[in-house]
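What follows is calculated from the coordinates using simple rules that are stated; it is not laboratory data. Here the structure is a predicted model, which is why all the values come from computation and not from measurement. Counting neighbours? That spans all protein chains shown, and the Cβs are built from the backbone with ideal geometry, glycine included.
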Amino acid sequence: MPPDLKASDYCLATHEAWQYAARQIRSEEMVVFVNTKDSEADYPSLTSELRFRYKVPPFVHPQAPTTVSQAFGNFMYSKLVRTLRSPLLIVRQRSVAWAIELLSVGENRARCVQAGFVPILAEMLREKDMHIRQNLALCFQYLAEAGQAVVELLCMLGVVKGLINMVASDNRTLRGNAFRALQDLSAISYLVRYELVKEGNVLAFILKRIIEEKWQNIQVSAFEVLSQCISGANYNENALKELLAVDAVPTAIRLIQSPWRSLQESACRFLSLLCMHNNGKTQAVEKKAVDILVPLLSDIEPRVQAFACAALCCIIVDIQGKKDFVIVEGIPLILKLLDITDEQLCLYDLALLLNVAEYPPARAELFTDGLVALREIIKTSTSPLLKKRAQQGLQQLHFKHLPHQFPYDKMDKLYLKGPLPPRVTLAEAYSKPLVDPSSANSTPTSQPATASKSSPSRPSASASPAPDSKASSRPTSPAFSTKSPRYRHTIP
């Protein structure tokens, strides 16, 4: 009997319709019709298909009563909104754990935001139960992936301040979840970074927690939060000043010596950002950061080598840093890292070479082997950026002075021969009246004699034509006139 498609339960009616169609296909009348000769003549394609007998899969069994289907799950978002506000503690605990499962999936996350989860979770920051607080931090970490608008809403609802309060907790799990949530949120929106910086003491508090922390994964997340606050094209000056005032450079140098690779990477990156400030460079040189970073250039982990190069690039902008780098014999390590198999590491190493080569003793050590390595990069590399940096390195190795010691005042004597030509400014050329050479012979007697004679110390020039003249209206002056042969100079 065909199913009743007008039944109230459309899902059940559809299921019965599929069962009815399957029974009809498997009936003997259908099999006999397919195997008749008339059907083969009418449908020649069945000739090649008869060898593959169609097998109908078994009937779909009804789902278990405990199975949650997609249609049933759509009603769970509104139900979870009610249970998150339940007066029972156990219901709120299970509801927050359930919210984590939903927020971990992108499609469910969008429906949770649409259902109104964000204001409810922000209100639950006042909860005292540790289980709820731990799961709340995870919820905010997943909400960081919901988009810029959701993160801005979290800032308006005071979630950033709530996470900072969680960081001060003695519970290790809660601190780790809160730091990871702050890390993801600060990476998404500048508003979160502004919330962390505007108070003037939050970054110093986070640095203090890093010093007191014993778990390296929490220290890594905290370093990433601080790095986000001071990184960018225009780094935050207030954040740098706040961190440099509380000995952030010595803390980073101390944690660079940690045996954990991930902590070494985060500390090197944090130190490189701190050294973008002049005070950071000075403190790093005074604390002998170069002596600690140079051995990391020969580390077995490429990421540690790359971040050590980045930190050294910022430190050795200071001249004393260049001297320290030469003293600890870092030049051979630079030549060793000029390998194009790892382009990122090679780019960092070329930047380090360009900074070190400004120091003449370092340039002398790099000259012989460095020229060979740089020419090999230009010849064999397929990266335009690597070739450009290598060409800059070749130019840098041929310099003879420090940039601030180059004799710019003697450049004319070095590159020009013969007497120097007289220099006439543009304002002087336009201020003094000049005479057209074509009318010099027919000068009226009333015109002063000085106007018809050109100065012996400068070449003659033509006066500017009248505005209605057919000639070019460009004014001529000694600055635009053609010099005589005796003022031409050649480069040796």
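The helices (runs of 4 or more DSSP H) found entirely in segment 202-272 that carry 3 or more residues being more than 23 Å from the chain's Cα centre (by Cα) and not small (Gly, Ala, Ser) are 202-212, 248-256.
Somewhere in segment 361-383, is a residue acidic (Asp, Glu), farther than 25 Å from Ile256 by Cα and not in a helix (DSSP H, G or I)? Even if it seems obvious, please write down each step before you answer.
If we filter segment 361-383 for residues that are acidic (Asp, Glu), which is where we start, we get 365, 369, 376.
From what's left, farther than 25 Å from Ile256 by Cα: 365, 369, 376.
The next check asks that each one be not in a helix (DSSP H, G or I); those that pass are none.
Checking segment 361-383: not a single residue is acidic (Asp, Glu), farther than 25 Å from Ile256 by Cα and not in a helix (DSSP H, G or I).
Scanning segment 270-310 for residues that are in contact with a Lys or Arg (Cβ under 8 Å, 6 or more places away or on another chain) and buried (at least 23 other Cβ atoms within 10 Å of the Cβ) turns up Cys275, Phe307.
Condition (residue is outside any helix (DSSP H, G or I) and on the phi > 0 side of the Ramachandran plot) applied to segment 282-291: is it met by at least one residue? Lay out the reasoning, then the answer.
Our first condition is that a residue be outside any helix (DSSP H, G or I); within segment 282-291, this holds for 287-288.
Now restrict to residues that are on the phi > 0 side of the Ramachandran plot: 288.
The answer is yes; a qualifying residue exists.
When Glu152, Glu127, Glu101 are screened for being free of Cβ contacts under 8 Å to residues at least 40 places away in the same chain and touching a Ser or Thr at 6+ places or on another chain (Cβ under 7 Å), only Glu152 passes.
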